[in-house]
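Undergrad: Below is a structure I'd like to ask you about.
The values are calculated or read from the model by the stated rules, or taken from the named source; none is laboratory data. The model shown is predicted, which means the values in this text are computed figures rather than measured ones. All Cβ positions, even for glycine, are placed from backbone atoms using ideal geometry, and neighbour counts span all protein chains on display.
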Amino acid sequence: MTAIEKRSELMRLLRAEFQRERASNFAMLRRIPSTSVRKFLDYFSTLDETGKNALAEALAENALVTFFPYEAKNPYQAGNAAYRKYLDEKIQMWDWKYQDVRELRMSLAVAKREPESSAGNLMTDDIRKWIESIKPVKSTEIRKVVKLALSQIIAPLTVTHNGGCWLYEGYFQGTAISVNFDFHQKYAQFDYGIPHPYQSREPGIVRIDLNYERLMGLSGRGWDCLEQANLDQSIALLKELVVHCAGFLQKLPDSDKHKARPNA
């Protein structure tokens, strides 16, 4: 299979992935605790059918960049009108639900300290009660639940870390798998990704890990809406997303598969 044929086949798979999620009314994306994902869902719902189809195609093109960061064209840089409109308008979208947990807590503190500030003027009693009910979750607790969830699908699970970057690796259904987590995000609680066979091993070359959001062509700043009330269900979803991405990687055309465990 030539490089062009490989990218063409992968585009077919990426289009199918997005259409599957779209047909489910974005059942998996809706459960992801991410303000960036929330903005996408709300924006997509405002489009007519032509606009939705145009953006869906652009997102498949953006997903392709995850696998071919040099060969594939970023739809924004390529001048894709639907994608440019989405990103430009996404920046302008504002609502309390688009504020992450840290931002909400900071806004509440400002509103209490300075009632006449913009935060104080915008914050209704209902919003204030909602923010006050949020119980933050520490990074150590998130990592504990992540390790437990991944140990249920990856065995034996090995965990190593360097600062805020953690690596979880082992075997999933007899195939080697690694999942990278960055718990040291400035604006999010963590980001995650699975290395894939198309990544170059050369030093200095861009390598973009796969996660479910990137599979859908979405670019964001990671998971930023985790709290005590949704922690367990969110990390259970994370496990589902990792399994789905691992399954997708097995479909990649003409690639070296991850090394299988002997006698698996």
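Undergrad: Going through Tyr86, Tyr76 one at a time, which residue ends up being in the same structural domain as Glu9 (by TED's automatic domain parsing), buried (at least 19 other Cβ atoms within 10 Å of the Cβ) and within 21 Å of the chain's Cα centre (by Cα)?
TA: Within the list Tyr86, Tyr76, the selection yields Tyr86.
Undergrad: Restricted to the stretch 60-71, and to residues that are surrounded by 15 or more Cβ atoms within 10 Å (Cβ to Cβ) and out of contact with any Leu (no Cβ under 7 Å at 6 or more places or on another chain), which residue is nearest to Ala16 (Cα to Cα)?
TA: Glu61
Undergrad: Suppose we keep only residues that are among the small types (Gly, Ala, Ser) and not in a loop (DSSP other than H, G, I, E, B) within the stretch 20-42. Which one would you say is farthest from Lys90 (Cα to Cα)?
TA: Per the criteria, the residue is Ala23.
Undergrad: State all residues of the stretch 87-137 that are basic (Lys, Arg) and not in a loop (DSSP other than H, G, I, E, B); if no residue qualifies, say none.
TA: Within the stretch 87-137, Lys90, Lys97, Arg102, Arg105, Lys112, Arg113, Arg128, Lys129 meet the criteria.
Undergrad: Since Ser8 meets every condition but one in (1) more than 15 Å from Leu218 (Cα to Cα); (2) in contact (Cβ under 8 Å) with a residue 12 or more places away in the chain; (3) of a type outside the set (Val, Ile, Thr); (4) part of a helix (DSSP H, G or I), which condition does it not meet?
TA: Unmet condition: (2).
Undergrad: Can you pull out every residue in the stretch 129-147 that is of a type outside the set (D, E, K, R) and within 20 Å of the chain's Cα centre (by Cα)?
TA: Answer for the stretch 129-147, where residues must be of a type outside the set (D, E, K, R) and within 20 Å of the chain's Cα centre (by Cα): Val137, Ser139, Ile142, Val145, Val146.
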